[in-house]
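To keep things clear, I will list the structure first and then write my remarks on it.
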Amino acid sequence: MSIPANLKYTKDHEWVSIEGDVATVGITHFAQKELGDIVYVEVETLDQKLDRDEVFGTVEAVKTVSDLFLPLTGEIIAFNENLESEPETVNSDPYGDGWMIKIKIADASEIDSLLSADAYKELIGA
């Protein structure tokens, strides 16, 4: 199972890539595998400022719907619109073209609360 070392992770199975004051967020390989075939990704919080751990959207698989939780406080500045027509990209490329949102980070100190790749591996027993 792929768990890139250059990313940060959450206990809610999201990955975070940080470049300056912008974070790109998606769900992990583990999460997409557990969910199964993803058929819809909904994010209605574009251009909104949300606090860490607030729900920013949902991901719908064939058998379930799961909330997506914001890993860092900030404003959602981009949504991967390709997921509207090709949600299965989250299954095929969760760490690349399957990214979900970009956040303008409001509080950089929150980055320290994210998990390293090794800590995430421990969490999922990998």
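The values are calculated or read from the model by the stated rules, or taken from the named source; none is laboratory data. Predicted model, so just to flag it, every value in this text is computed and none were measured. Positions of Cβ are generated from backbone atoms using ideal geometry, with glycine treated the same way; all protein chains shown enter the neighbour counts. For accessibility, only protein heavy atoms count, side chains too; no ligands or nucleic acids. Shrake-Rupley method; radii C 1.70, N 1.55, O 1.52, S 1.80 Å.
Tabulated values for the structure
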| read-out | value |
| --- | --- |
| Gyration tensor (alpha-carbon) shape descriptor, the range 1-64, a/c threshold 1.5 | oblate |
| Solvent-accessible heavy-atom area per residue, rounded to whole Å², over the chain at 1.4 Å | 52 |
| Radius 14 Å from Cβ of Ile77, net charge of other residues (Lys, Arg +1; Asp, Glu -1) | -2 |
| Spatial separation of Cα centroids for the range 20-44 and the range 55-126, in angstrom | 4 |
| Ratio of Rg to Rh over the range 8-106 (Cα coordinates, Kirkwood Rh, two decimals) | 0.93 |
| Packing-based order for 96-102, 60-66, using average beta carbon neighbours within 10 Å, highest first | 96-102, 60-66 |
| Positive-pole candidate from Ile76, Val41, Phe30, dipole of the range 8-106, charges at beta carbon | Phe30 |
| Surface share of carbon and sulfur [accessible, 1.4 angstrom probe, percent] for the range 6-114 | 42 |
| Backbone HN-Hα couplings from phi across the range 99-112 [Karplus 6.51/-1.76/1.60, Hz, Gly and Pro as x] | 4, 10, 9, 10, 10, 7, 5, 8, 9, 4, 5, 5, 4, 4 |
| Spin-label zone in the range 79-110 - amide nitrogen under 13 Å from a point set 7 Å from the Cα of Ala126 along the C-beta vector | 94-96 |
| Label-point gap, in nm, between Asp112 and Asp51 - each point 7 angstrom along Cα→Cβ | 2.0 |
| Dipole magnitude of the range 8-106 about its Cα centre (Cβ charges: Lys, Arg +1; Asp, Glu -1), debye to nearest 20 | 360 |
| Stretch gain in nm, segment Glu19-Glu44, where the contour uses 0.36 nm per residue and the Cα spacing is subtracted | 6.6 nm |
